[in-house]
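Notes for the one structure printed next.
The values are calculated or read from the model by the stated rules, or taken from the named source; none is laboratory data. Note that the coordinates shown come from a computational prediction; the quantities given were computed from them, not determined experimentally. Cβ: placed from backbone, ideal geometry, glycine included. Neighbour counts: every protein chain shown. Keep in mind that these areas ignore ligands, DNA and RNA; they rest on the heavy atoms of the full protein, side chains included. Shrake-Rupley method; radii C 1.70, N 1.55, O 1.52, S 1.80 Å.
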Amino acid sequence: MSRRPPAARSGDRTERLSRFLALVLRHRPESVGVALDPSGYVDIDTLAAALARQPGWAWVTADSIRAVARVDPRRYEVSGGRIRARYGHSVPVDTPGPPVVPPEWLYHGTSPAALEAIRARGLQPQARQFVHLSASRQDALAVGQRHSPDAVVITVLARRAHAAGVQFYRASPSIYLARHIPPEFLLLPTPADTPPGG
């Protein structure tokens, strides 16, 4: 029986650790006995020690956590000796960074079934702390298709919303966050734009 090369096993470990970090830093820090600060950061050495105490994770070190952050800088941010998830939190965080002036337009992919509620109440974060917005229509569609194969894309009049007082945060070069986008700043697809069955 042939064995996979060490590089493949290393890549598997990195991917597994990335998923575990996402769970801990976005949703369940208490499950490994750590607490996030108000901005979502935790000390990397403290986190490494906590993860290494979990069954099957004794190999985790501060360096392996930093390696994950280097491989996936869109998902994780390292500042000094601390790390945080850039977006996707269901646990409370004050802000994901300083507010920014957004581009003229941002985009949000969603299921056609959600359009009626969005038309009435705007974009809300649901189980997360922030609404996720994409810098490109293609990225938004890809995000929406993770949840619905017939996803549609909503255009956000981001600069107008910002001028009206909506705060935006830049989680990565292609992802922006906001706590709520009122419906008056949304361009929803018309029924003719909605795929069959939507």
Q) Leaving out ligands, DNA and RNA, what percent of the accessible area of segment 26-172 is carbon and sulfur, probe 1.4 Å? A) 50
Q) Which residues' amide hydrogens lie under 5 Å from the amide hydrogen of residue 100, considering only partners 5 or more residues apart or on another chain, with H built in the peptide plane? A) 168, 169, 170
Q: Work through the residues other than residue 174 whose Cβ is under 12 Å from its Cβ and net out their charges, Lys, Arg +1 and Asp, Glu -1.
A: +4
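Suppose all protein chains stay in the model; what accessible area per residue would a 1.4 Å probe give for segment 1-151, in Å²?
For segment 1-151, the solvent-accessible area averages 55 Å² per residue.
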Q) Running Debye on the chain with equal point scatterers at the Cα sites and no solvent, what base-10 log of I(q)/I(0) appears at q = 0.19 Å⁻¹? A) -1.23
Q. What number in nm² do you get for segment 110-198 if you take the convex hull of its Cα atoms and divide its surface by four?
A. 5.6
**Q.** Phi-based couplings in Hz for segment 160-170 (Karplus 6.51, -1.76, 1.60; Gly and Pro marked x)
**A.** 5, 4, 4, 4, 8, x, 6, 8, 10, 10, 9
Q.
If you count only protein heavy atoms and use a 1.4 Å probe, how large is the accessible surface of residue 20, to the nearest 10 Å²?
A. 30
Q: Working from Cα positions, state the angle (0 to 90°, nearest 10) between the long axis of helix 62-71 and the longest principal axis of the chain.
A: 40
Q | Probe 1.4 Å, all protein chains present, accessible-area order of 21, 157, largest first | A | 157, 21
Q | Extreme residue, positive dipole direction of the chain, given options 143, 64, 127 (C-beta unit charges) | A | 64
Q) What is the dipole size for the chain, taken about its Cα centre, with +1 at each Lys and Arg Cβ and -1 at each Asp and Glu Cβ, in debye to the nearest 20? A) 460
Q | Helix-only mean residue ellipticity at 222 nm for the chain, each DSSP H run of n ≥ 4 adding -39500 (n - 2.57), per residue, nearest 500 | A | -8500 deg cm²/dmol
